[in-house]
Amino acid sequence: MSDTTIDTTTPRASTLQQARLPRWAPLGLAVAAVAAGVGIGTAAGMGNPFQMGLIAALLFVVLSYAVTAAVEGGRQAKNQLATSLVWLCFLIAVVPLLSLIWETVNRGKTVLDGYFLSHSMDGVQTILPGGGAYHAILGTLEQVGIATLIAAPIGLLTAIYLVEYGRGRLAKVVTFFVDVMTGIPSIVAGLFILSFWIIILGFGYSGFAGAMALAILMMPIVVRSTEEMLKLVPDELREASLALGVPKWRTILKVVLPTSIGGITTGVMLAVARIAGESAPIVLLVFGSQAINPSPFEGAQSSLPYYIYEQWQLGNEASFDRAWAAALVLIAFVMILNLVARGIARWKAPKTGR
Amino acid sequence: MKTDIEPTSTSAGSPPQVSARSTGRAGDKIFLGLSRGSGIALLVIMAAIAGFLAYRASIAISKDEANFLTAFEWSTGSTPMRFGIAVLAYGTVVSSIIAMVIAVPIAVGIALFISHYAPRRLATPVAYVIDLLAAVPSIVYGLWGALFLVPHLTPLYTWMDKYLGWTGVLSYQGGAARSLFTVGILLAIMILPIVTSVSREVFRQVPKMHEEAALALGATRWEVVRMSVLPFGRSGIISASMLGLGRALGETMAVATVLSPSYLINVSLLDPGGGTFAQNIASHFKEANDNGRDALIASGLVLFVITLLVNGAARMIIARRKEYSGTAA
Amino acid sequence: MAKRIDISGLTAYYGSHKAIEDISMTVEPRSVTAFIGPSGCGKSTFLRTLNRMHEVTPGGRVEGKVMLDDENLYASGVDPVSVRRTVGMVFQRPNPFPTMSIFENVAAGLKLNGSYKKSELSDVVEKSLKGANLWNEVKDRLNKPGAGLSGGQQQRLCIARAIAVAPDVLLMDEPCSALDPISTLAIEDLIGELKERFTIVIVTHNMQQAARVSDRTAFFNLAGVGQPGKLIEIDETERIFSNPSVQATEDYISGRFG
């Protein structure tokens, strides 16, 4: 491309036909790269499929770049390089994430049964198989339940304040600190309740203490998601109701909230799923227990995340099995919450007028 | 609005109407009070967090015989206490940097994959799965990291030692790969979903007309991305990364399960040693006495301040971007 | 190098929806051809098939032939990227790259196609800006962002950007619909100058504009809601506006339906 002028009189060597690789080329190269990767890997005595995969991937990136550069030219080669890299990113990310799910399901299912779900670790020798996570499941449900009872109303009302009333300085300050609160590490929330509730006020370790820390983590999530949902309610709806002489608070309760209830529920459930997996505050505040303690207000409890940590720390095969099984239960719980929440969002979506 | 209907209600002259209005006004007041009260409660909680942590931390630091910022030790069991956060600060920063270096490019790649490269039939489920993975509890990542990732990294570290060991930073003496580098890799995997989904949202908002402008000039797909998608999404990528960084800095249990800690800074990132703020708190809490707990709270306060700064910076970038795109639209 | 476009039997789809059906026409080089017709009649879709931008829309696909002189744009082995370099496009809303300066915007297309010396580049940028009647207004602030210009200036900047890569054809999709009357006039004058060098196709809603700027006019219409758009007739602009051969054209032009 040397003719850079606009009204060039010499006809450009313009052809739309460019040398292009056949459509099967990427697939062919991929197969070749994988074969070469496995070959090189075996020759070098690497038994690890990840390393072979890595070699194959690198080979593919380099090969496809070189071949495209030779046949189609530099620009197309760069484009091909970017495409390969983007696909590679996707594959690289998928491998550990799939492995995580695979390991959890595979190793978790070995001891996961009705007995595991209905018995505690009370009196179980930790190096022997047996025992269960019932006390932990109960603890998680109670702690998360209490946290939700604290956080959901405060979060909801705060969001209502921000969207329906908030115009002044206070609203700005609250908005800012909700953002700040979103970023609080869970361990810091735990330390706060520790210093305030346990050290200064002198209460003991309990499920309730853990629930308060979880509530702190949950509040900003509820505020944010509820705010988003309330903002989606069209102003015409509010005005229509206000114009009928309905007081503002009844407008909010009877018009605004019912319109956005699906989205709000989704947000709360996602927040519940988030905090259900929190273990750091539990370690500090609930302290862990081997036996069933049905009272969240008195004495140490356990929880699923804590149970996983504890069983992992014991460091023997039987306890690892229990840890995986509990991880599977926890993931299942969180995923079901997520799926149901998203289901509700989809099911309710048309009614909010989106 | 109310004055509009006043004539009708007075002309009807029905007392119930008037009383309904007055309860409406009282209801409004109560409701406003409740909702404003909740907002204020949030502020109080935030203030209390900062206040109580600072109070306990000041008690601990006043009893600290060593330099709180620079000491390489953590002995809080006996008096006088000697503890410092130097190793923790180093470990927290280094592991988070490793996580960012690995996660951000890959996350941007996946975000581009979903928004611009993948066939639509693949993009939607991939985006969905990535969102779900953000919900996997950190302790599960920790368990997987300790029992699966650590043994599988040993060959990689041996290989790295062979070719890059001369740097000192990447030398490896063998043994379990429970090092800061492993922590970095695990944190990278953990923050990948959040960085991906925020970046993806930004890429999706790139106005179609900017992309078409590039296409109409004869740009290849990569050139479209480079000319219109990345410049538009740059601040979004930065703020997504900062949010990811905030998570990495504060991650507790996954680090506590994977890292084999010590109060020494190991030159090699591949060998065990070091620690992070959050991990240190979780690992030492149970054995700590009253003074020890205060010392841990003091380190937690430092972590709190660091995450506040990082998150604040991220929010500011997002806010600036909103203004920018607001005026450009 | 202005080229002739020969379209035969062209049908375009969005997924399973047929947007335009069986269009055949010839666009003469060094002239302005205007597409008119009611909203939704597929004239913009048709325009976008002429530089293969239609297939960028998810589900967009095309059947038929578009010959640029003697090359079929839709032949197998044709690279859509080089098609778009040969057939430039100006959009309805001015869309300069928001993060680039005025200079970079004009140079954007050139930079894609290899390395240029700086002096060469500024030569082309100057010529293109002059060609778009924008040079005098921006020559002192070439390094300022392109988004800071007025709407009309932005649109001329986009035209400069399009002609900088020396295309054979220039497609314009309602280029004045987002502009005020004075800017519109400036663009219309510019179109009159540009047709000396390029084959120009312009979609417009404004019939006076079609009458003012074009040499030939094509009228599109659709048989009914959900039906594909069709070419009703194409002829000398003067004839279309004075004495069209199809009744529907006359009805549309005289405002009897729309």
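A short reminder: the numbers here are calculations on the coordinates, not readings from a lab. As the structure is a prediction and not an experimental result, all values here were calculated from the model. Cβ: placed from backbone, ideal geometry, glycine included. Neighbour counts: every protein chain shown.
For A:V255, what charge total do you get from the other residues with a beta carbon under 12 Å from its beta carbon, if Lys and Arg give +1 and Asp and Glu give -1? Once all neighbours under 12 Å are counted, the net charge is 0. Between A:G267, A:G204, A:G39, the Gaussian network model of chain A with springs among Cα atoms under 10 angstrom shows the greatest mean-square fluctuation at A:G39. About its Cα centre, chain A has a charge dipole of approximately 1120 debye under the convention of +1 per Lys or Arg Cβ and -1 per Asp or Glu Cβ, with nothing else charged.
Full extension of the chain between A:L339 and A:L91 gives 86.9 nm of extra length, using 0.36 nm per residue less the Cα-Cα distance. Which residue, A:V329, A:V174, A:V105, has the most motion in a Gaussian network model of chain A that connects Cα atoms within less than 10 Å? Looking only at A:V329, A:V174, A:V105, the largest GNM fluctuation is found for A:V174.
In summary, the lysines within cross-link reach of B:K208, defined as a Cα separation below 24 angstrom excluding same-chain residues under 8 places away, comprise A:K78, B:K322, C:K18, C:K43, C:K111, C:K144.
Projecting the Cα atoms of C:T49, A:A57, C:P80 onto the charge dipole of the protein assembly as shown, computed from C-beta unit charges around the Cα centre, puts C:T49 farthest toward the positive end.
Once you order the gyration tensor axes a ≥ b ≥ c over the Cα atoms, which shape class does chain B get: rounded for a/c under 1.5, otherwise prolate or oblate by comparing a/b with b/c? All intermediate terms of the calculation are to be shown ahead of the outcome.
Values: a/c = 2.73, a/b = 1.29, b/c = 2.12.
In terms of gyration-tensor shape, oblate.
Of interest is the spacing of the C-alpha centroids, which for region A:299-346 and region B:256-281 amounts to 25 Å. Between C:G60, C:I163, C:V124, the Cα set farthest toward the positive side of the dipole of chain C (charges on each charged residue's Cβ, about the Cα centre) is that of C:V124. The order of A:H135, B:H284, going from fewest to most other C-beta atoms within 10 Å of their C-beta, is B:H284, A:H135.
With neighbours defined as other Cβ atoms within 10 Å of a residue's Cβ, the residues C:C158, A:C89 order from fewest to most as A:C89, C:C158. Cut-off under 27 Å on the C-alpha distance; same-chain residues fewer than 8 positions from A:K254 excluded. Which lysines are left, in chain and number order? The qualifying lysines are A:K172, A:K231, A:K348, A:K351, B:K2, B:K29. Ranking C:T11, C:G146, C:A223 by Cα position along the charge dipole of chain C, where only Lys, Arg, Asp and Glu carry charges on their C-beta atoms, puts C:G146 farthest toward the positive end.
Mean residue ellipticity at 222 nm, helices only, the protein assembly as shown: -19500 deg cm²/dmol; runs of at least 4 DSSP H residues each add -39,500 (n - 2.57), and the sum is divided by the number of residues.
With a Förster radius of 25 Å applied to the beta-carbon distance between C:N113 and B:R120, the computed FRET efficiency rounds to 0.25. Peptide A:276-288 has a mean shielding of 5, counted as Cβ atoms of other protein chains within 10 Å of each residue's Cβ.
Averaged over the residues of A:68-75, the number of partner chain Cβ atoms lying within 10 Å of the residue Cβ comes to 2.
Ranking C:V81, C:V165 by Cβ neighbours within 10 Å, fewest first, what do you get?
C:V81, C:V165
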